[in-house]
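Have a look at the structure below, then the notes.
Readers should treat all values here as calculations from the given coordinates under stated rules, not as data from a laboratory. Computed from a prediction, not measured in an experiment: that's the story for all the values here. Please note: Cβ atoms are built from the backbone with ideal geometry, for glycine as well, and neighbour counts cover all protein chains shown.
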Amino acid sequence: MLREKMREQNIDACLVPTSDPHDSEMVTEHYSCRKYITGFSGSAGTAVILREKAGLWTDGRYFVQAARELRGTGVDLFRSGEEGVPEIEEFLAASLPENGKLWFDGRLLSETAAENLENVLRDRGIRFDFAQDLFEDLWTDRPEPPKDPVWILDEKYAGKSAGEKLRDIRMAMCRVHADVHVVSSLDDIAWILNLRGGDLADTPVFLSYLMIRETGGTLYIDADKVNDTVRTYLSGIGIDVRPYDSVFRDLAEIRDSVILMEKKRVSMKLWRSVDGSCTKLSLMNPSSGMKAVKNGTEIENTREAHRKDAVSMIRFIMWLKENVGKQPIDEMGAAAYLDALRMKQEGCLGISFTTIAAYADNAAVVHYHPAPETNRELKPEGMILVDSGGQYLEGTTDITRTIALGPVTAEEKKYFTLVLAAHLRLENAVFHQGCRGVALDYAAREVLWKHGLDYNHGTGHGVAYLGPVHERPNNIRFRAVSNNLDSVNAVLEPGMITSDEPGLYIEGKCGIRTENLILCVNNVKNEFGQFYSFEPLTLVPIDLDAVDLNWLTDGDIDMLNAYHRRVREVMTARLLPEEQKWLEHATREVHR
């Protein structure tokens, strides 16, 4: 049907990204057009539909999953970043006829992406059709946009009032001489206003735009989501409420002003709504850098969130090890059991992303999620990888543990232990003020590189406070765009929370990942300057049943024992007597 529409409207290609109007990583079902048209369910990927063929581009996390889900669909898989795989822009330039027409939804493509397309396709005279939504009539049972109510996050959790945050942002606007700041990214809006919602699965944000002026501002949102209490609260901080889609008209009516918008985080439609009399200024949203550095209240709350989360994880691992092989347990059942344990914790609002429970070779699919067609029964042998997290009033958690369910092979132990060494070395790194994550990635990855091994994802990502489990600008990865470091691989600062999650994936055999969240803290300060280090926030045992000490140095063993002492010291008092006994054994000292 899509190709029929293409022929009717003389469209040569359709570009369908994984996006919503707010550049969200996870999108609502209403905006899941790429999933609808290709069948690929991963959280990252872009489809290109031509009249006679189609392709999907995705990254290394999803190569195996995409190959499986696209089988028989007629959609070719393009493995982004692999040798010989063209970029989407190159593919379009080679595939579109001279003076051809390319369609995409202008709300779903960032201005930066649109400009990249224009630069590559300009010489071929390619025309853009971006004003219409081709899926509006095509997708007859398309889900409606969500309408969950917005609620106020108390300052005892936020640590800073929305009024103070708005003041800080206006000071940042003043420094760059901006009259108006338009924010489209949902995590920024939620943080700035100390509001949360339920529009995205597992992420407590709400579909909206925020316009901040020198005095006052406007929240553009579906009126049904805002009750009288929230309206009164917003009015008290100088923010009025207007209909969601009216942001485009209001923005277009501004004259002779400097408007601050982040080009890569706003849609082409929003960016190009600005009147020609105005100056557009593209800089990273000031709030993005501010919220990445957690305040004292957020830090202490987050520590508590991780202690609560650790209770659930410890109970889960104990249950799994004691019951596998004695009662039927499959991947989906294990994930559901863990999710239920989290929800028993006071202040838990839900999970922070769909729980990954991947047994044996399923774990080689980096972001595998158990589904009826792939669900595996767990046996008392081999390993299961469990990547999960919770959303608490006290913060957001994210943890991965690879758990031995019984005997594991010498090869599996080697791989597990090398990943563990990589994890420990990053967690215990000491580094100088001014260091970026791009410099720290080697602390982890070197262990695997020395053995000719690697993993096709970053080593660490920032984590929000009661928000997205992936938060910029702090990241730990060796691949970084040099002209974009401040927004994707920023200088690390005390208060930033980052994941530490090296892994190893052997297709057809196993997948291993060990992940803690780590807090950047002050270390020694001397004549050479200020040094930083990390505090592990995650307090859950590493499975010693899968460790082969021959692959660890003496220093690695010391770090492992120190981490387990910390887990025992903090967590023992929170557990029941039989759980305390289990924890004591699970965190026992190990020696050669």
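Using the Cβ-Cβ distance between E4 and E144 with R0 set to 35 Å, the FRET efficiency from 1/(1 + (r/R0)^6) comes to roughly 0.90. In this simple spin-label model, placing a label point 7 Å from the Cα along the Cα-to-Cβ direction at both R303 and R565 gives a separation of 1.8 nm.
Can you grab the distance from the C-alpha centre of the range 167-222 to the C-alpha centre of the range 298-327, Å, no decimals? Centre-to-centre distance over Cα atoms comes out at 35 Å. What is the Cα centroid distance between the range 432-486 and the range 547-592, reported in whole angstrom? If you average the Cα positions of each part, the centres end up 27 Å apart. Taking 0.36 nm per residue of separation and subtracting the Cα-Cα distance, full extension of the segment from N550 to E89 would add 161.2 nm.
Return the ratio Rg/(2.2 N^0.38 Å) for the range 293-586, where Rg is computed over Cα atoms only. Don't skip to the end; give the middle numbers.
Numbers: Rg = 18.2 Å, N = 294, 2.2 N^0.38 = 19.1 Å.
After normalising by residue count via 2.2 N^0.38 Å, the value is 0.95.
Could you run the Debye sum over the Cα atoms of the range 277-346, one equal point scatterer each and no solvent, and tell me log10 of I(q)/I(0) at q = 0.12, 0.22 Å⁻¹, two decimals? So the normalised log intensities are -0.56, -0.95. Between the range 394-415 and the range 226-268, the alpha-carbon centres lie 45 Å apart. Placing unit charges on each Cβ (+1 for Lys and Arg, -1 for Asp and Glu) gives the range 2-138 a dipole about its Cα centre, and among L121, G74, P17 the Cα reaching farthest toward its positive end belongs to G74. For K165, the lysines whose Cα falls under 29 Å of its own Cα, not counting residues fewer than eight places away in the same chain, are K147, K156, K225, K263, K264, K269, K280, K291, K294, K308.
Taking each pair of different alpha-carbon atoms in the range 1-42 once, compute 1/r for the pair, average those values, and report the inverse of that mean as the Kirkwood hydrodynamic radius in Å to one decimal.
Details: mean 1/r = 0.0870 Å⁻¹.
Computed over the range 1-42, the radius equals 11.5 Å.
Please give the contour-minus-distance gain from E346 to F528: 0.36 nm per residue of separation, less the Cα-Cα distance, rounded to one decimal in nm. Stretched out fully, the E346 to F528 stretch lengthens by 61.0 nm.
Is there a quick way to get the dipole size of the range 443-516? I mean about its Cα centre, with the Cβ of Lys and Arg at +1 and of Asp and Glu at -1; what is the value in debye to the nearest 20?
Values: 7 positive and 9 negative charges, 43 e Å.
Rounded to the nearest 20 debye, it is 200 debye.
Between E155 and Y442, the contour length at 0.36 nm per residue exceeds the alpha carbon distance by 99.5 nm. With respect to the chain, whose longest principal axis is taken over its alpha-carbon atoms, helix 111-121 is tilted by about 70°. Comparing Y220, G437, I37 along the charge dipole axis of the chain, the residue lying farthest to the positive side is G437, per the Cβ-charge model. Around L207, with a cut-off of 11 angstrom between Cβ atoms, what is the net charge of the other residues, counting Lys and Arg +1 and Asp and Glu -1? Summing Lys and Arg as +1 and Asp and Glu as -1 gives -3.
When restricted to Cα atoms, the range 539-592 yields an Rg and a Dmax of 11.5, 34 Å, respectively. Distance between the 7 Å Cα→Cβ label points at Q580 and Q132: 7.0 nm.
Rounding to the nearest 20 debye, state how big the charge dipole of the range 2-138 is about its Cα centre with +1 on each Lys and Arg Cβ and -1 on each Asp and Glu Cβ.
Details: 16 positive and 26 negative charges, 101 e Å.
The dipole magnitude comes to about 480 debye.
Rounded to the nearest 0.05, the FRET efficiency derived from the C-beta distance between V590 and R255 at R0 = 56 Å is 0.20.
Extents of the chain, taken as max minus min of Cα coordinates on every principal axis and listed largest first, are 71, 55, 49 Å.
For the range 2-138, the convex hull drawn through the C-alpha positions has a volume of 110 cubic angstrom per residue. To the nearest ten degrees, helix 410-427 and the longest principal axis of the Cα atoms of the chain are 70 degrees apart. Placing unit charges on each Cβ (+1 for Lys and Arg, -1 for Asp and Glu) gives the chain a dipole about its Cα centre, and among Y505, V481, T203 the Cα reaching farthest toward its positive end belongs to V481. For the range 472-554, the Cβ-based charge dipole about the Cα centre amounts to some 360 debye (Lys, Arg positive; Asp, Glu negative; other atoms uncharged). Here the scattering of the range 151-291 is modelled by Debye summation over its C-alpha atoms, one equal scatterer each and no solvent; at q = 0.13, 0.22 Å⁻¹ the log10 of I(q)/I(0) is -0.52, -1.57.
Put simply, the Cα atoms of the range 220-291 extend 37, 29, 20 Å along their principal axes, the longest span coming first. Taken over the C-alpha atoms, the range 504-571 has Rg and Dmax values of 15.6, 52 angstrom.
If R0 is 56 Å, what FRET efficiency do you get for M171 and E381 from their C-beta distance, rounded to 0.05?
On the way: r = 59 Å, r/R0 = 1.06.
Once the sixth-power term is evaluated, E becomes 0.40.
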